[in-house]
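The values are calculated or read from the model by the stated rules, or taken from the named source; none is laboratory data. It should be emphasised that the depicted structure is a prediction, and the values quoted were computed from it without experimental measurement. Please note: Cβ atoms are built from the backbone with ideal geometry, for glycine as well, and neighbour counts cover all protein chains shown.
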Amino acid sequence: MVNKSRFTLEDWDAPVYIGAEELRHALVHMQLENKVIHGFRLLDYSAVQLPEWDNTEEEVMIPAFAALSSPLIILFTDGTRLELYMQDQSVFRLSLNRIPLEAIKEEVTANTLDRLFARTIGRAIVFIEVQVTEDFPEIATEYAEQFQKQTEYIDSVLFCLDSGDALELYSWGKNGEVDLLDENGEITMIGMKEFLDK
């Protein structure tokens with residue numbers, strides 16, 4: 001039972017994966033292939049930072065990515081909630097339906113992430129790829145001793161969709177980040193007007 005008024009990362013009992021092989025095994029066990037994306041959510045204290053835009057006459061293109069200060073929650077059409085976060089290099093946390101519904105941010109208007117990643121909604125996951133690096137993580141963490149036993153480290157995780165797009169989740173500094181990549185592996189650009197009109 002959470003006694004605080006706000007659910008935090010410390011309350012999230014998601015397993016921690018620091019090895020690519022154990023993360024691959026966990027993802028296979030979750031059977032996420034063919035699940036269809038319904039939307040995206042964050043914890044109730046999180047926000048998505050977007051560029052400021054003053055001139056409404058100018059068409060501004062923005063990259064489809066979001067910095068994360070809390071787990072990204074992917075909602076699927078079957079009611080499953082995938083909760084994932086990579087705050088530190090090669091430290092990946094992952095769970096299904098473990099964050100209570102009351103802690104998930106719901107907005108009256110369309111969710112910012114739903115609009116930012118609109119082209120993924122209604123698309124199915126076809127496969128998931130754990131990308132690795134041999135570079136030892138630069139950020140010192142409490143898992144440094146366990147890192148010594150690894151020969152490769154988690155670089156990012158790609159959720160590849162039936163459209164050819166992919167969502168890539170990785171660590172950036174002390175935050176996570178999620179990018180929407182096109183079929184060429186380039187970050188997708190969307191028009192700010194299109195984003196605001198959704």
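Only residues that are surrounded by 21 or more Cβ atoms within 10 Å (Cβ to Cβ) and either at pLDDT 95 or above or among the hydrophobic types (A, V, I, L, M, F, W, C) (or both) were counted across segment 74-92, and they come to 7. Residues that are in a helix (DSSP H, G or I) and of a type in the set (A, V, I, L, M, F, W, C) were ranked within segment 135-153; the one that is surrounded by the most Cβ atoms within 10 Å (Cβ to Cβ) is F147.
Evaluating V126 against the criteria (1) surrounded by 17 or more Cβ atoms within 10 Å (Cβ to Cβ); (2) part of a strand (DSSP E or B) leaves one unmet condition, (1). Selection of segment 94-123 for residues being part of a strand (DSSP E or B) and either surrounded by fewer than 18 Cβ atoms within 10 Å (Cβ to Cβ) or modelled with pLDDT under 90 (or both) yields L96, I104.
Given the structure, is Q31 out of contact with any His (no Cβ under 8 Å at 6 or more places or on another chain) and at pLDDT below 95? In short, no.
Out of curiosity, is F40 of a type in the set (F, W, Y), at pLDDT 90 or above and more than 19 Å from I104 (Cβ to Cβ)? No, not satisfied.
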